[in-house]
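Trainee: Take this structure first; my questions come after.
The values are calculated or read from the model by the stated rules, or taken from the named source; none is laboratory data. Owing to the predicted nature of the structure, the values given are computational and were not obtained by experimental measurement. Here the Cβ is made from the backbone with ideal geometry for all residues, glycine too, and neighbour counts use every protein chain on show.
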Amino acid sequence: MEALFAWLNGIIWSNALIALCLGAGLWFTIRTRVMQVRGFTEMCRLTVTGQKSDAGVSSFQALAISMAGRMGIGNIAGVATAIAYGGPGAVFWMWVMGFLGASTSYIECTLAQIYKEKDAEGRYRGGPAYYIEKAMGLKWYAVTFAVATVIATGLLLPGVQANAIADSASNVLCGAGACEAVGGAGALKLWIGLGVAAVLALIIFGGIKRIATFAEVVVPFMALAFILMAVIVMIANAGKVPAMFADIFSSAFGAHAAFGAIIGQAIAWGVKRGIYANEAGQGTGPHAAAAAEVSHPAKQGYVQAFAIYFDTMLVCTSTAFLLLSTGMYNTFRTVTENGKDTLVAIVSGVPGLQPSEGAQFTQAAVESVLPGWGAGFVALALFFFAFTTIMAYYYMAETNLTYLAGVKKTHPLATLLLRLGIVGMVVFGAYHNAAMAWTLGDIGVGLMAWLNVIAILILQKPALIALRDYERQKKLGLDPTFDPDALGIRNAHFWKKQA
């Protein structure tokens with residue numbers, strides 16, 4: 001079974017998907033006239049303004065929900081995995097993906113706002129399934145995305161986050177004798193999974209408002225605490241910082257003596273983990289974006305473009321600098337002998353650790369500077385990162401379940417099964433091995449990315465029109481409002497009622 005999933009993952013994450021994501025980001029950057037640079041001040045302003053209502057959440061809450069989804073183990077364990085397979089150069093390609101992905105995020109999140117609607121309970125709902133049906137008119141495509149997202153965010157992806165929580169926590173607790181007390185590391189991971197599942201159930205049974213309230217408090221705090229930790233470690237290793245930057249840029253273009261042979265892996269894993277971390281183009285961010293109460297769709301597009309910067313340029317970069325400045329990372333190249341692939345270490349800063357054990361690299365990095373409590377701090381940070389991501393995954397799965405229900409209220413049994421399913425997968429993922437969890441998560445991310453990136457490349461025009469309209473009204477000194485009929489945008493039924 002593991003071999004089958006690995007084969008499927010290899011097909012989904014072929015070079016074609018890497019090229020598609022990079023190409024789409026570059027194309028949207030050109031088409032928006034580099035809005036992620038021109039509009040940076042506006043992004044920052046809109047992030048802290050806005051209002052909420054009975055139907056929707058504030059722009060900041062929508063940002064927090066989407067950031068909860070973006071800021072998971074990809075920011076800690078995923079970065080270590082990218083460096084393990086692609087070397088320091090993978091960090092540069094993560095930056096490239098983050099920069100280009102900001103424009104991709106603008107497009108998909110603005111589309112989500114344009115084509116959002118109210119569900120049977122009067123709450124805003126939207127996302128790729130909604131804009132695929134309304135703008136493309138392809139119901140079967142929309143249903144395919146919705147089903148894929150329910151499976152990915154409800155079943156495949158939560159296990160990856162739970163596995164990282166259990167691994168990092170057991171790495172600390174076993175050292176304190178907890179493993180022996182409960183019957184071994186496996187039993188401890190099972191208990192951790194049950195504990196996480198219980199807390200998750202308390203929140204997701206409370207609905208979107210409880211999720212939004214939890215996210216807006218926890219997400220900014222945990223992100224800033226982690227970044228501060230990275231700064232402390234960087235200061236402690238200040239003498240190694242110039243060499244670190246030299247390694248990043250030289251290996252990104254194949255000029256480094258040791259890493260030059262794996263430039264292809266640097267690009268592939270930098271892009272792959274960049275998408276996994278910031279989720280630009282994957283189609284997850286639009287679900288939260290559609291829930292925001294705004295006067296113009298482009299406002300939430302700007303806010304979600306800023307989310308990519310924050311996620312990749314600050315949080316992911318913090319992890320990368322932790323690893324590279326302390327030397328606590330391993331990098332491997334793949335050698336094929338007799339038809340069998342074998343990993344051979346190029347750098348072995350933490351002997352014995354495998355690429356799938358990414359969180360332990362970060363723990364080792366902080367522990368090398370702050371012995372005695374560094375590993376515990378990373379385990380705690382990773383818990384909050386991963387837990388809020390699982391919470392956001394539930395909201396995305398629920399939104400697509402609502403879409404599949406149509407105009408009717410989602411059947412209570414379907415909602416209950418989804419909640420029980422995601423809680424069950426948290427327990428399963430915590431107990432199962434990391435390699436399998438990552439493979440299943442990659443399959444989920446890849447399926448959504450294929451379906452969504454193709455859709456937004458076809459549907460980009462309304463988002464571009466909204467951007468020009470927003471900029472025009474801002475030049476006139478107005479607080480922009482949205483009238484789809486005046487702009488020639490069809491099937492934006494929610495906004496027609498507001499105009």
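Trainee: Conditions first: (1) modelled with pLDDT of 85 or more; (2) over 21 Å from I456 (Cα atoms); (3) touching a strand residue (DSSP E or B) at 6+ places or on another chain (Cβ under 8 Å). A290 passes all but one, so which condition is the exception?
Mentor: Here A290 clears every test but (2).
Trainee: If you check A466 against the conditions, is it within 27 Å of the chain's Cα centre (by Cα) and under 25 Å from A142 (Cα atoms)?
Mentor: Values: within 27 Å of the chain's Cα centre (by Cα): yes; under 25 Å from A142 (Cα atoms): yes.
Answer is yes for this residue.
Trainee: Out of segment 32-89, which residues are more than 30 Å from F332 (Cβ to Cβ), modelled with pLDDT of 70 or more and hydroxyl-bearing (S, T, Y)?
Mentor: T32, T41, T47, T49, listed by residue number.
Trainee: Of the residues that make up segment 390-413, is at least one modelled with pLDDT of 85 or more, touching a strand residue (DSSP E or B) at 6+ places or on another chain (Cβ under 8 Å) and not polar (S, T, N, Q)?
Mentor: The answer is yes, given that some residue of segment 390-413 is modelled with pLDDT of 85 or more, touching a strand residue (DSSP E or B) at 6+ places or on another chain (Cβ under 8 Å) and not polar (S, T, N, Q).
Trainee: Let me ask something else. Where in segment 132-183 are there helices (runs of 4 or more DSSP H), lying wholly inside it, with at least 2 residues that are at pLDDT 85 or above?
Mentor: 139-151, 157-173
Trainee: Of everything in segment 95-131 that's in contact with a Ser or Thr (Cβ under 6 Å, 6 or more places away or on another chain) and in a helix (DSSP H, G or I), which residue is farthest from A298 (Cα to Cα)?
Mentor: Residue satisfying both the conditions and the ranking: G98.
Trainee: Now, a different point. Regarding L343, is this residue at negative phi, in contact with a Phe, Trp or Tyr (Cβ under 6 Å, 6 or more places away or on another chain) and part of a strand (DSSP E or B)? Break it down into steps so the answer makes sense when it comes.
Mentor: Working: at negative phi: yes; in contact with a Phe, Trp or Tyr (Cβ under 6 Å, 6 or more places away or on another chain): yes; part of a strand (DSSP E or B): yes.
Here the answer is yes, as L343 does meet what is asked.
Trainee: Which residues, taken from segment 80-114, are of a type in the set (S, T, Y) and either surrounded by fewer than 24 Cβ atoms within 10 Å (Cβ to Cβ) or over 21 Å from E471 (Cβ atoms) (or both)?
Mentor: T81, Y85
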